[in-house]
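Chemist: Structure below; questions to follow.
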Amino acid sequence: MKDKENTKRKLIKAVGEVIKVEGFQSLKISKISQYANVDRKLIYRYFGNLNYLVEAYILENDYWMVFSNQMKQMLVDKQFAGSEQLITEILQNQFKFFASQKEMQRLILWELSVDSPLMKSIHNTRESMGQEFLELTDPHFDNGNVNFRAIAAILVGGIYYTILHTVYNGGKFAGIDLNTNTGKEDILKAIGQIVSWAYKHD
């Protein structure tokens with residue numbers, strides 16, 4: 001059983017290494033088994049097929065998958081005064097996480113550029129997790145003038161696009177240099193300000 005788990009860990013880790021070094025287009029059974037230094041038949045034995053192996057990797061590494069349970073527990077432990085503080089923390093952490101994770105940047109690019117049932121499934125899982133947090137904000141905005149879900153959509157999309165644009169096309173966006181700590185802090189501050197404005201102007 002221990003050997004099985006070790007091999008599964010090797011294969012999942014190898015997926016990330018292939019993505020980082022060669023990109024998603026190189027995710028093939030032969031390539032992953034080569035990086036993991038294990039027999040390719042073990043991918044079928046332990047995961048069924050390539051898609052389930054890639055899915056296992058994404059479930060362990062995607063921001064919304066990684067931090068969903070952690071954030072829920074923090075809420076249970078009353079580490080947040082309310083939904084404004086919680087959603088601000090979630091969005092700011094998303095920015096920091098995505099800016100530092102090359103594999104996840106490539107994942108989103110892949111998700112946007114291919115027609116893949118696997119990517120649709122991952123998107124739907126991520127969306128359902130995001131909905132759980134947005135439901136916490138709904139009571140504050142009921143019968144108000146602010147559609148916070150629309151604001152959250154723009155913020156999440158903006159985080160992805162801003163980081164991807166600067167990574168692949170240069171370090172600046174709207175004159176802000178995201179390669180510097182000052183630039184990153186400016187974006188984090190702006191996320192908090194937008195959420196705060198939404199809560200104050202409801």
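The values are calculated or read from the model by the stated rules, or taken from the named source; none is laboratory data. Note that the coordinates shown come from a computational prediction; the quantities given were computed from them, not determined experimentally. All Cβ positions, even for glycine, are placed from backbone atoms using ideal geometry, and neighbour counts span all protein chains on display.
Chemist: Could you list all residues from region 41-52 that are surrounded by 16 or more Cβ atoms within 10 Å (Cβ to Cβ) and modelled with pLDDT of 90 or more?
Modeler: Matches in region 41-52: 42, 43, 46, 47.
Chemist: Testing residue 183 on (1) modelled with pLDDT under 85; (2) assigned to a helix (DSSP H, G or I); (3) among the small types (Gly, Ala, Ser); (4) over 16 Å from the mean Cα position of the chain (by Cα), one condition comes back false. Which one is that?
Modeler: (1)
Chemist: Something else: Give just the number: which of (1) at pLDDT 80 or above; (2) closer than 30 Å to residue 7 by Cα; (3) crowded, with 19+ Cβ neighbours inside 10 Å does residue 59 not satisfy?
Modeler: Here residue 59 meets the rest and fails (3).
Chemist: Filter region 1-19 down to the residues that are loosely packed, with under 13 Cβ neighbours inside 10 Å and either aromatic (Phe, Trp, Tyr) or touching a residue at least 40 places away in the same chain (Cβ under 8 Å) (or both) and list them by number.
Modeler: The answer is 4, and nothing else.
For (1) farther than 17 Å from residue 191 by Cα; (2) of a type in the set (A, V, I, L, M, F, W, C), each residue gets a yes or a no:
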site	(1), (2)
85	no, no
106	yes, no
110	yes, yes
118	yes, yes
140	yes, no
166	yes, no
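Chemist: Residue under question is residue 151, and the condition is that it be in a helix (DSSP H, G or I) and either exposed (fewer than 14 other Cβ atoms within 10 Å of the Cβ) or in contact (Cβ under 8 Å) with a residue 60 or more places away in the chain (or both); does it hold?
Modeler: No, not satisfied.
Chemist: Could I ask something else about it? Output yes when any residue across region 118-133 is of a type in the set (Asp, Glu), surrounded by fewer than 16 Cβ atoms within 10 Å (Cβ to Cβ) and in contact with a helix residue (DSSP H, G or I) (Cβ under 8 Å, 6 or more places away or on another chain), and no when none is.
Modeler: Yes, there is a match, as at least one residue in region 118-133 is of a type in the set (Asp, Glu), surrounded by fewer than 16 Cβ atoms within 10 Å (Cβ to Cβ) and in contact with a helix residue (DSSP H, G or I) (Cβ under 8 Å, 6 or more places away or on another chain).
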